[in-house]
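Enquirer: Here it is, the structure, as structure tokens.
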Amino acid sequence: MIRAEQLASPNPEQALQASLKELADIKFALDQSTIVAITDQRGIINYVNDEFCRISKYSREELLGQDHRIINSGYHSKEFIRDLWATIAGGKVWKGELRNRAKDGSIYWVDTTIVPFVNSEGKPYQYIAIRHDITQRKLAEEEIRRQAALLDESHDAILVRDLDETIVYWNRGAEVTYGWTADEAIGKDARQLLFDDLPPEFEEAQRELAETGQWRGELNQVTKDGRAIIVESRWTLVHDDKKAPYQKLVVNTDITEEKRLQTELQHAAQLSLVGELAAGLAHEIKNPLAGIQGVVDILLRRRDANDPESEALRGVRNEVDRIDQIVRALLDRARPRVLATQPSSLTEVVRRAVSVARAQIFGRSEGGRIRVQFHPPDDPILLPIDAAQIEDAVLNLIINAIQASEDYGRVDVRILRSPPDETADDLDEVMIEVSDKGPGISEENLSRIFNPFFTTTKGGTGLGLPAVRRIVRAHSGRVGVKSVLGEGSTFTIHLPINDAET
Ligand code: FAD
């Protein structure tokens, strides 16, 4: 703020001349380096310098007597202009960046300082605006913002790492992929943020990047909530003006789901091949087995009960019976059954499986002490399913849970519906959960339990879980498993539903 009396001087004529010259010099210097306009208290322009005319492309005559609306570009809000006026009308200096429109319609930006000149009552009687052209900087900023917005459109995680692996850029896709916000990720070491254990290929990738300027490969990484993900990663070395390596641009595509589907497809193909082989084999074994059973029965009948060979023959008969049972189970499990779907009450289907499991364990030493608890849903759920096959699948999971349970253990069977507030992308689904408090499954075994013939149970065929998965998949569902060593396991059958079906 400049007071009018500061410009006047009570000194003699000479001092006045000196002051006036000084002011003229300052004004000249300002005129040379900046865009200057002076207005009265209503904002009517009564002085503009050449720089103002040059940038606004208006002649001095066109500008004098107008207010600054003549260059208003319509970009700033009423509140913004009101704040400008409230500040200067209150006798205070206003500073800000203004976007103006020149006579030919082109846009220019000015960094502006408006200084009010106030009279002895403190009321502004004129304003002087001093500005600098910042059009290039603003356009560059706009371009950067536009490009950043484009990068944010990408579903890929795009990040920039310094040579010491510090994250300096993190796009929206990276926030979605890893769960870390840009604020949380920027400044962190990428090796610590994105990996549980740094894989050996990371160092190899660094070497290749340094040598060729590029690297491409797959990496196992981890998200904020500890989820393991697989990404296809493309690295590019960014150079500075002097062609020295400066930063690393990284584009990561989450391919976890793709990989999972690939593995599942491989398993499915494997299972169907094994199924065919097993069915063929079981068929071939059945007839000779029946022959052996018949012969042993004849030999047994011919012998006296006290004959010492009778005991050995009974042993043979038992073993043959056991082989027969295994062959039947193999045929039953390995041969894909056609789905016979009809609307069925899921509660009833699961209740039946629970009853059969209870009946099967009754009298067995470990089973007798294990409780199978069923938690039905509040409302009935009607689904178009093959009730017999789903019952088989649930029964299989319950029997596995019982076998895994310790003495006096407990198996919980629940039916749950996916919560209604899930995002629209998620399928509405019903879940049948079978949990035990057994020893849990090691991470190594967890990846193999759905493989045919893989078993850790004595006497198990390793065909139960693949069959469960086959049945559930035939219903367009999936089987999930969560297990904590020493705490137990939960197997979950997810079946899709839509409201029309319930
Ligand atoms: P309006 O609708 O005209 O005004 C918005 C609000 O601002 C009003 O509701 C009112 O609260 C307040 N206001 C407007 N005029 C006055 C006034 N005369 N007195 C008190 N309050 C008022 N504008 C630019 O766009 N670019 C510039 O480079 C620029 N430089 C300026 C330099 C100086 C020295 C001064 C004094 C003003 C400058 N202005 C500039 C502001 C300009 O005079 C207009 O007020 C503005 O362009 C009008 O914008 P609008 O039509 O969107 O808002």
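The values are calculated or read from the model by the stated rules, or taken from the named source; none is laboratory data. Predicted, not measured: the structure shown is a model, and the values here were computed from it. Please note: Cβ atoms are built from the backbone with ideal geometry, for glycine as well, and neighbour counts cover all protein chains shown. Please note that ligands, DNA and RNA were not included when accessible areas were found on the heavy atoms of the full protein model with its side chains. Shrake-Rupley method; radii C 1.70, N 1.55, O 1.52, S 1.80 Å.
Enquirer: Which condition does residue 142 not pass, out of (1) surrounded by 12 or more Cβ atoms within 10 Å (Cβ to Cβ); (2) within 30 Å of residue 249 (Cβ to Cβ), if it passes all the others?
Expert: Condition not satisfied by residue 142: (1).
Enquirer: Taking the condition charged (D, E, K, R) and modelled with pLDDT of 90 or more, does residue 458 pass?
Expert: no
Enquirer: Then there is this: Restricting to segment 299-322, give me the number of residues that are touching a helix residue (DSSP H, G or I) at 6+ places or on another chain (Cβ under 8 Å) and closer than 20 Å to residue 288 by Cα.
Expert: Going through segment 299-322 one residue at a time, the tally reaches 8.
Enquirer: Mind checking whether some residue in segment 112-130 is charged (D, E, K, R) and in contact with an Asp or Glu (Cβ under 9 Å, 6 or more places away or on another chain)?
Expert: For segment 112-130, residues charged (D, E, K, R) and in contact with an Asp or Glu (Cβ under 9 Å, 6 or more places away or on another chain): absent.
Enquirer: Here is a further query. In segment 65-74, what count of residues is obtained for those that are touching a Lys or Arg at 6+ places or on another chain (Cβ under 9 Å) and near the ligand (Cβ under 8 Å from one of its atoms)?
Expert: Final tally of qualifying residues: 5.
Enquirer: Can you tell me which residues in segment 82-100 are out of contact with any Pro (no Cβ under 9 Å at 6 or more places or on another chain) and either among the polar types (S, T, N, Q) or within 17 Å of residue 130 (Cα to Cα) (or both)?
Expert: Result: 84, 85, 95, 96, 97, 98, 99, 100.
Enquirer: I've got another one for you. Just checking, does segment 395-403 include any residue being under 33 Å from the mean Cα position of the chain (by Cα), in a strand (DSSP E or B) and at pLDDT 90 or above?
Expert: no
Enquirer: Anything in segment 94-107 that is in contact (Cβ under 8 Å) with a residue 40 or more places away in the chain and either open to solvent by less than 60 Å² (accessible area, probe 1.4 Å) or within 11 Å of the ligand (Cβ to nearest atom) (or both)? List them, or say none.
Expert: Selection gives 97, 100, 102, 106.
Enquirer: Considering only residues that are assigned to a strand (DSSP E or B) and either among the acidic types (Asp, Glu) or open to solvent by 50 Å² or more (accessible area, probe 1.4 Å) (or both), which ones fall in segment 28-79?
Expert: Correct list: 40, 46, 47, 72.
Enquirer: In addition: What is the number of the single condition among (1) small (Gly, Ala, Ser); (2) under 30 Å from residue 471 (Cα atoms); (3) open to solvent by 60 Å² or more (accessible area, probe 1.4 Å) that residue 280 does not meet?
Expert: Residue 280 satisfies all of (1) small (Gly, Ala, Ser); (2) under 30 Å from residue 471 (Cα atoms); (3) open to solvent by 60 Å² or more (accessible area, probe 1.4 Å) except (3).
Enquirer: Also, quick follow-up: Just for helices (runs of 4 or more DSSP H) wholly inside segment 142-254: which have at least 2 residues that are more than 15 Å from the chain's Cα centre (by Cα)?
Expert: 182-185, 190-194, 200-212
Enquirer: Could you give me the residue pairs with C-beta distances under 8 Å whose first residue belongs to segment 263-277 and is touching a residue at least 40 places away in the same chain (Cβ under 8 Å), whose second residue is open to solvent by less than 60 Å² (accessible area, probe 1.4 Å) and aromatic (Phe, Trp, Tyr) wherever it lies, and which are 6+ apart or on separate chains?
Expert: Every condition considered, the pairs that remain are 267/450.
Enquirer: Something else: For segment 41-55, which positions are in contact with a Phe, Trp or Tyr (Cβ under 8 Å, 6 or more places away or on another chain) and within 9 Å of the ligand (Cβ to nearest atom)?
Expert: Within segment 41-55, 41, 43 meet the criteria.
Enquirer: Can you run down the residue pairs with Cβ atoms below 9 Å, 6 or more apart or on separate chains, where the first is in segment 323-352 and open to solvent by 80 Å² or more (accessible area, probe 1.4 Å) and the partner is at pLDDT 90 or above and of a type in the set (Phe, Trp, Tyr)?
Expert: The qualifying pairs are 351/374.
Enquirer: I need the full set of residues from segment 176-211 which are out of contact with any helix residue (DSSP H, G or I) (no Cβ under 8 Å at 6 or more places or on another chain), open to solvent by less than 40 Å² (accessible area, probe 1.4 Å) and within 15 Å of residue 248 (Cβ to Cβ), in order please.
Expert: 189, 190, 205, 206, 209
Enquirer: Within 21 Å of residue 136 (Cβ to Cβ) and among the aromatic types (Phe, Trp, Tyr) - does that describe any residue in segment 58-71?
Expert: Scanning segment 58-71, I find no residue that is within 21 Å of residue 136 (Cβ to Cβ) and among the aromatic types (Phe, Trp, Tyr), so the answer is no.
Enquirer: Let me ask something else. Could you list, in sequence order, the residues of segment 115-129 that are under 20 Å from residue 30 (Cβ atoms) and open to solvent by 40 Å² or more (accessible area, probe 1.4 Å)?
Expert: 125, 126
Enquirer: Which count do you get for residues in segment 234-243 that are among the aliphatic types (A, V, I, L, M) and open to solvent by 40 Å² or more (accessible area, probe 1.4 Å)?
Expert: Count: 1.
Enquirer: Residue 252: in contact (Cβ under 8 Å) with a residue 12 or more places away in the chain and in contact with a Ser or Thr (Cβ under 6 Å, 6 or more places away or on another chain), yes or no?
Expert: Yes.
Enquirer: Residue 426 - would you say it is at pLDDT below 90, acidic (Asp, Glu) and either within 23 Å of residue 344 (Cβ to Cβ) or part of a loop (DSSP other than H, G, I, E, B) (or both)?
Expert: Here the answer is yes, as residue 426 does meet what is asked.
Enquirer: Let me ask something else. Of all residues in segment 283-302, which are touching a residue at least 24 places away in the same chain (Cβ under 8 Å) and open to solvent by less than 40 Å² (accessible area, probe 1.4 Å)?
Expert: 289, 293, 296
Enquirer: Output yes when any residue across segment 297-305 is farther than 30 Å from residue 159 by Cα, in a loop (DSSP other than H, G, I, E, B) and not basic (Lys, Arg), and no when none is.
Expert: yes
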